[in-house]
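Structure, as structure tokens:
Please treat every number below as a calculation from the coordinates, not as lab data. Only a predicted model underlies this, so the values are computations on that prediction, with no experimental measurement involved. Because the Cβ atoms are built from the backbone with ideal geometry, glycine has one as well, and the counts that use them run over all protein chains shown.
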Amino acid sequence: MMKVRNYLPILALCLMGTSCGSNKDATLSSGIDVANLDTTAVPGTSFYQFANGGWMQKHPLTNEYSRFGSFDMLAENNRKQLRELIEELAAAKHEKGSVAQKVGDLYNIALDSVKLNKEGAAPIKAELDKIASLKDKAQIVSMIAEMQQKGMFPYFVLYVSADDMNSTVNLVQTYQGGIGMGERDYYLENDDKTKEIREKYKEHVAKMFRLAGRDEASAQKAVESVMNIETRLAKAARSRVELRNPRANYNKKSIEALNKEYPVLGWNTLLKSVGLSAVKEINVGQPNAMKEVNDVINSVSMDQQIDYLQWNVINSAASYLSDDFEQQNFDFFEKTMSGKQEQQPRWKRAVSTVNSSLGEAVGQMYVEKYFPAAAKERMVTLVRNLQTSLGERIKGLEWMSEATKEKALEKLATFHVKIGYPDKWKDYSSLEVKNDSYWANIERASAWQYAEMVAKAGKPVDKDEWLMTPQTVNAYYNPTTNEICFPAGILQYPFFDMNADDAFNYGAIGVVIGHEMTHGFDDQGRQYDKDGNLKDWWTAEDAKNFEKRAAVMINHFDSIEVAPGVHANGQFTLGENIADHGGLQVSFQAFKKATSDKPLNTVQGFTPEQRFFLAYANVWAGNIRPEEILRLTKIDPHSLGKWRVDGALPHIAAWYDAFGVTEKDKLFLPAEQRASIW
């Protein structure tokens, strides 16, 4: 699931979503595959193992995965369907400029390893040479602008998104960035594993510069340049916990003020270069990070900054160059950091490229062939039922005042719900795909996306725009539009089953829907009002009560040891944990209400209540490598799959009742230690 926040898109929830409801005209199944269970496990010791042990044994990790779970399996199935659609276009000739030509040609270009290996580093040579010719700081700023438009973000990110304080209008904003490993802790922490990764990153940078044509001495010099600048940027960056504070990340300034505070960046020239010359003000997300960017450009030698900018090109292009570049890129980012053993087949990588470059064009084909209208109809009903349930729970809260409840109910009633696919599709007519180089096509696709984004600056927010493609196996909540979105890609088993009963569907997709709704009221979402503005609509006492209850969740997850000596980060994962908790509570209540007139039977030895929780746990079935556990604990705001089950369910009273969990069981929490929020 995800929570979409600004440009660094959809801060994810992680992967969940779908539709629910019952097919009243057929005999419905339980939806539960008993082969997924490990009945030798005790539910109160590890419900995750009990519900998923069989699945985990049947699906050992293959070499191309660092983590593989239920949603990855569904994504694989979706990718095979997309492959069929794309290869059909790739096998035929089409009118130049047509969507079919673009999709088919880009796929064929991605598959052409002979051409890629013949070219080597040639596709990036002109860019590297242009950077090497830079003479002064003003030229560096111009190069930053040029690279941003092509999907490369040295130093920082410049993007356009809704103004948090005036959510109907799009605002130009900045976000900290510019570090190759993507997470500041890799540069700052000094445990053995992090230091090992840092040293291997240095080796990786050197090898990539060698592949790009540098000699050994020059490559080593470039490593020093890259590490100097990236470490400085990392030290100035906010932590992922700090980035969760939307008010701290709102610092709107006039262009005049920016030119005074960060003069080296020459904002008038920078903005004009990216097509934003009419802009009068910008939100600087992280001022300390921007100050460091200004200082780095002002004080670091031109030679070092040239090395750093060239590294941004090499690093961004690596996956679209010859096999030696791509293999080295895989060896560090996937093998060293995540534990994967081998690359995905080239066709999978090619499908992913087409999917990301021409997402809605592919999505339109996908929906037409694979998404039944009945699924959307059932989803509409289910969302309505979950909204009713959450409203009932809000009304019944003993810790919240009537004044705040009224505002919360208004926000709930104004949720903008998106299901399946957009009503209006993107127009790719101005994007050119041609047979020069794979990397050149990627840059054109990035430039197309960037131009589409900057054109929104100062204009009204389009609340009907989708922030995920319809073929995506995920879901999201976006606070500035107060919307919940469930793409077609996730409205399939094991998230949604048209032939399964309500116990299954409310436990799976129902919890996902409740999860997304609860994001509107988690520690971040609750700071936005019904119109999507960052506005305090809580009484001081209610806010204090919320924080006290959220602290219970923080402390609980802080106590979880995810690897020897490594604990979960309860503050970082708070929003997702609150959303899981709320999703479970809201969906279980909706499930009981939906079946109150006609209770479901015990099936396969499991009561309806038990099947509800089994369906929820099955969504998170998966295997994961030790390296990926450590990586995700640093970068992912979601708890690991195991703990979205064994960490979340001990706070749900109905789970204890369903499985007879008592104080004798390992997962048992006394009632006074359980979180109770929504």
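Quick rundown of the values:
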read-out: Under Karplus coefficients 6.51, -1.76 and 1.60, residue-wise ³J(HN,Hα) of segment 29-46 in Hz, glycine/proline x; value: 8, 6, x, 8, 9, 5, 5, 6, 8, 10, 6, 7, 7, 9, x, x, 8, 8
read-out: Cα gyration tensor, segment 451-561 - rounded (a/c under 1.5), prolate or oblate; value: oblate
read-out: Filtered chymotrypsin sites (Phe, Trp or Tyr not before Pro), segment 344-423: DSSP coil and at most 14 other beta carbons within 10 Å; value: Trp399
read-out: Two-site label geometry, Ala122 and Glu203: point separation in nm, points 7 Å out along Cα→Cβ; value: 3.2 nm
read-out: Whole-number percent relative contact order across segment 254-294, with pairs defined as alpha carbons under 8 Å at least 6 apart; value: 46 percent
read-out: Loop sites in segment 234-282: trypsin sites (Lys or Arg not before Pro), DSSP, at most 10 other Cβ within 10 Å; value: Lys280
read-out: Mean Cα-pair separation over length for the chain, i.e. relative contact order, pairs under 8 Å, 6 or more apart, %; value: 26 percent
read-out: Expected 222 nm ellipticity per residue - DSSP helices of 4 or more, -39500 (n - 2.57), all of the chain, to 500; value: -15500 deg cm²/dmol
read-out: Inter-site label distance for Thr388 and Ala551 at 7 Å from Cα along Cβ, in nm; value: 3.8 nm
read-out: Computed Kirkwood radius, in angstrom, where 1/r is averaged over Cα pairs of segment 160-229; value: 14.6 Å
read-out: Full-stretch length increase - Lys598, His567 - with 0.36 nm per residue and alpha-carbon distance subtracted; value: 6.7 nm
read-out: At least 20 Å along the helix axis (C-alpha) and Kyte average at least -0.5, DSSP helices within the chain; value: 216-236, 302-317, 373-395, 438-454, 574-594
read-out: Linear extension gain, Gln139 paired with Met302, 0.36 nm per residue minus alpha-carbon span; value: 57.6 nm
read-out: Under-5 Å amide H pairs with Gly420, H placed in peptide plane, nonlocal only; value: Phe486, Ala488
read-out: Bins of 20 Å, starting at 0 and running to the largest distance - Cα pair percent for the chain; value: 17, 52, 28, 2
read-out: Built amide H within the under 5 Å cut-off of Leu171, gap 5+; value: Ser161, Ala162, Asp163, Gly458
read-out: Under Karplus coefficients 6.51, -1.76 and 1.60, residue-wise ³J(HN,Hα) of segment 656-661 in Hz, glycine/proline x; value: 4, 5, 5, 10, x, 6
read-out: Contact order normalised by residue count of segment 525-639, Cα under 8 Å, 6+ apart, percent; value: 25 percent
read-out: Contour excess over end-to-end distance, with Cα ends at Glu87 and Leu397 and 0.36 nm allotted per residue; value: 106.2 nm
read-out: Zero-based 5 Å bins, Cα pair distances in segment 177-270, whole percents; value: 2, 12, 16, 16, 16, 14, 11, 9, 4, 0
read-out: Exceeding the 18 Å Cα-Cα cut-off - candidates Lys96/Lys434; Lys137/Lys260; Lys115/Lys200; value: Lys115/Lys200
